[in-house]
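Colleague: Supplied in structure tokens, the structure appears directly below.
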Amino acid sequence: MFNTTILSVLIFLFYDALYEFERNQAALAAVGGNNIGRKPKLSPDQVQALVQLYDCGQFTIKEICKVMDISKTTLYEYLRKARGALIEAAPSVGQAARPVQQSINSGASGIAT
């Protein structure tokens with residue numbers, strides 16, 4: 001059914017070894033604190049400014065992209081990462097909902113039923 005030759009097996013083993021080597025190098029770099037891959041386009045301060053420009057609502061996406069010299073895809077990627085960091089830092093949903101529920105219940109006690 002399959003025509004497996006020695007050359008195809010050797011090629012497979014070579015690529016498998018190369019993949020494992022690259023994966024190990026990436027793990028070693030991560031442990032050492034070195035980032036592999038492309039460097040970020042924006043610094044953390046620039047990301048904070050980008051989020052503020054976006055949140056204020058006075059600028060269009062095109063204007064923000066032009067000022068920051070990034071594409072729309074990059075802008076949305078940074079916003080997604082920034083929102084993810086804010087969500088991780090925020091209290092869980094159950095903790096945030098309790099004070100709201102308590103204020104609703106305390107306000108409802110003054111209403112005649």
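The values are calculated or read from the model by the stated rules, or taken from the named source; none is laboratory data. Note that the structure is a prediction, hence the values are computed from the model and not measured. Ideal geometry is used to build each Cβ from the backbone, glycine not excepted, and the neighbour counts take in all protein chains shown.
Colleague: Filter the stretch 62-88 for residues that are among the β-branched types (Val, Ile, Thr) and surrounded by 12 or more Cβ atoms within 10 Å (Cβ to Cβ); which is nearest to the chain's Cα centre (by Cα)?
Modeller: Selected residue: THR74.
Colleague: Out of all the residues in the stretch 4-50, which are closer than 16 Å to TYR78 by Cβ, exposed (fewer than 10 other Cβ atoms within 10 Å of the Cβ) and hydrophobic (A, V, I, L, M, F, W, C)?
Modeller: The answer is none; no residue qualifies.
Colleague: State which residue is nearest to SER71 (Cα to Cα) when the search covers only the stretch 4-54 and only residues that are of a type in the set (D, E, K, R) and not in a helix (DSSP H, G or I).
Modeller: LYS41
Colleague: Another question about this same structure. Does the stretch 28-47 contain at least one residue that is hydrophobic (A, V, I, L, M, F, W, C) and modelled with pLDDT of 90 or more?
Modeller: yes
Colleague: Of the numbered conditions (1) at pLDDT below 90; (2) farther than 30 Å from THR73 by Cα; (3) in a helix (DSSP H, G or I), MET1 fails exactly one; give the number of that condition.
Modeller: (3)
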